[in-house]
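I have placed the structure first, in the form of structure tokens, so that the comments after it can refer back to it.
The values are calculated or read from the model by the stated rules, or taken from the named source; none is laboratory data. Because the structure is a prediction, the values reported are computed rather than measured. Heads up, the Cβs are rebuilt from the backbone with ideal geometry, glycines too, and the neighbour counts pull from every protein chain shown. Calculation scope for accessible area: heavy atoms of the full protein, side chains included, ligands and nucleic acids excluded. Shrake-Rupley method; radii C 1.70, N 1.55, O 1.52, S 1.80 Å.
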Amino acid sequence: TNFDNVAFVIVDGTLKINPITATVTIVGANNTTSYDGAEHSVNGYTATAITDLYDVNDNIVFNGTAATATRTDAGTTNMGLTSEMFTNTNTNFTNVIFNVTDGYQTINPIDVTVTITGNTATVNYDGQSHTVTGYTASCANTLYNVNSNLTFSGEAKATRTNAGTTDMNLSESQFENTNSNFGTVFFNIIDGKMTVNPIAATVTITEHSGTANYDGNEHVVTGY
């Protein structure tokens, strides 16, 4: 009551909350499988924040194309994720750092066995030269095309005139796989051969003979 007229000059109080920084780790999905001729895909990513205050499900916008990696042949296809594809939408956080590990689809080559069978021929001896050429290739795995995936260096040929057998001498080193979907191709070689069989023959032996009139001397006939 000692003060009749009190003027109140208000200087308002404030509470300021500054935004904080956060680091978000983005890990693209990945998958590794063996080659089977089919298309394989992987998509999506996981996001985790360094602080529980940051809700990665609500506070991130993905600005890129679909986070997908697709591949059919052996090798690796990356998603192509980058930090620029992610945007923070929560103003409580400034300078959100996106630490990105790209996703990928990997297909590993497989191993197969190819059987190489050299052609064979058998004839009876006739004094002529006989030749057999070529080979056939087969693989139990139908994914492997023996007509287009092999190269052959050398000569698949065996020639013989006299009775007996001549081998082609095919070897693993003469064959090479050209399809990168297959890691190691084992070549099982069954060699080709040319066989000439001996034949039967009849030989007539005719003894020489002679005729003479008796003259008291010894007479001789020899040979056949």
Legend entry - Fraction of the pair-distance distribution of the range 1-70 above 16 Å, Cα-Cα pairs, percent: 71
Legend entry - Alpha carbon convex hull of the range 39-107, volume per residue in cubic angstrom: 85
Legend entry - Dimensions (Å) - the range 1-151, Cα atoms, principal axes, largest first: 149, 20, 17
Inset, instruction - Starting from the Cα coordinates of the range 87-224, work out the convex hull volume and express it per residue in Å³. - result: 156
Legend entry - Per-peptide average of other Cβ atoms within 10 Å, ordering 42-51, 208-217, 166-175, 195-204 highest first: 166-175, 42-51, 195-204, 208-217
Inset, instruction - Calculate how many DSSP beta bridges within the chain are antiparallel, expressed in % of all such bridges and rounded to the nearest 5. - result: 55
Inset, instruction - With a probe of 1.4 Å, find how much accessible area the range 40-185 has per residue, and write the answer as a whole number in Å². - result: 56
